[in-house]
Amino acid sequence: MKFCSHCGRPVTLTVPADDDRPRHVCPSCGTIHYQNPKLVVGCIPVWEGRILMCRRDIEPRRGYWTLPAGFLENGETAAAGARRETFEETGARVVQLTPYLMVDIIHIHQIYLMFRSRLLAPDFHPTRESSAVKLFEEVDIPWDDIAFKVIEKTLRFYLEDRISGRFAFRTDKIETRGSIGN
Ligand code: ZN
């Protein structure tokens, strides 16, 4: 952050009184701009054992495959956000959303919350954000072309748990940038 979103003057990075870490502080109007992690919500949409994935048509990682996920908006529940992102990226309606995996991604200040879900019907299509949308059998998942490490983790956990049919809520974290996007 370079300029104060309240008054437009340049901000400085400094530790405010009674705080323990640097913040962007506006010397002109005194506003302290706190920055905190963002929540990304998404789905593992399943239809008859196959998993719905989309090929990103936006940066970052354009051309790589992912599960539908995006930033939660103010005023919506996490599940509603996951359902909305799934529709925006795949054109598919999902039901029976169950929280499944939370991943802290420390270095990019994000927390992913992924839901298991079922497609209401096998209706989906490319969208403004996805150049292709497709149901994958496990053997066909494009592991070498997954957009983000958190999505690879989600798929591997899901496929592992599916063997036993027991899907306890999982947590994990990613602390460093890997060879693929976050
Ligand atoms: Zn200001």
Q. If you go through the range 135-154 one residue at a time, do you hit one that is of a type in the set (A, V, I, L, M), assigned to a loop (DSSP other than H, G, I, E, B) and closer than 17 Å to Val40 by Cβ?
A. yes
Q: Would you mind stating whether Asp145 is among the charged types (D, E, K, R) and either on the phi > 0 side of the Ramachandran plot or under 14 Å from the mean Cα position of the chain (by Cα) (or both)?
A: no
Q. Being out of contact with any Ser or Thr (no Cβ under 6 Å at 6 or more places or on another chain) and part of a strand (DSSP E or B), is that true of even one residue in the range 74-81?
A. no
Q: Count, please, the residues in the range 131-182 that happen to be of a type in the set (Gly, Ala, Ser) and touching a Lys or Arg at 6+ places or on another chain (Cβ under 8 Å).
A: 5
Q: Tell me, yes or no, whether the range 107-116 has at least one residue that is more than 16 Å from Leu39 (Cα to Cα) and either more than 15 Å from the chain's Cα centre (by Cα) or exposed (fewer than 15 other Cβ atoms within 10 Å of the Cβ) (or both).
A: no
Q | Selected residue (only one of Thr31, Thr66, Thr90 is closer than 30 Å to Lys2 by Cβ and among the polar types (S, T, N, Q)) | A | Thr31
Q | the range 1-42 - residue that is of a type in the set (Lys, Arg) and surrounded by 11 or more Cβ atoms within 10 Å (Cβ to Cβ) and, of those, farthest from the ligand (Cβ to nearest atom) | A | Lys38
Q | Leu97, sole failed condition from (1) touching a helix residue (DSSP H, G or I) at 6+ places or on another chain (Cβ under 7 Å); (2) farther than 17 Å from Pro126 by Cα; (3) assigned to a loop (DSSP other than H, G, I, E, B) | A | (3)
Q.
Anything in the range 15-45 that is of a type in the set (D, E, K, R) and free of Cβ contacts under 8 Å to residues at least 60 places away in the same chain? List them, or say none.
A. Asp18, Asp19, Asp20, Arg21, Arg23
Q.
Is it the case, given these coordinates, that Val95 is within 16 Å of the ligand (Cβ to nearest atom), hydrophobic (A, V, I, L, M, F, W, C) and in contact (Cβ under 8 Å) with a residue 12 or more places away in the chain?
A. no
**Q.** Selected residue [more than 16 Å from the ligand (Cβ to nearest atom), in a strand (DSSP E or B) and modelled with pLDDT of 95 or more] from Gly63, Gly70
**A.** Gly70
(Q) When the residues of the range 1-59 are narrowed to those that are under 30 Å from Arg162 (Cα atoms) and among the small types (Gly, Ala, Ser), which ends up farthest from the chain's Cα centre (by Cα)? (A) Gly49
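The values are calculated or read from the model by the stated rules, or taken from the named source; none is laboratory data. Since this is a predicted model, take the numbers as computed values, not measurements. We place every Cβ from the backbone using ideal geometry, glycine too, and count neighbours over all the protein chains shown.
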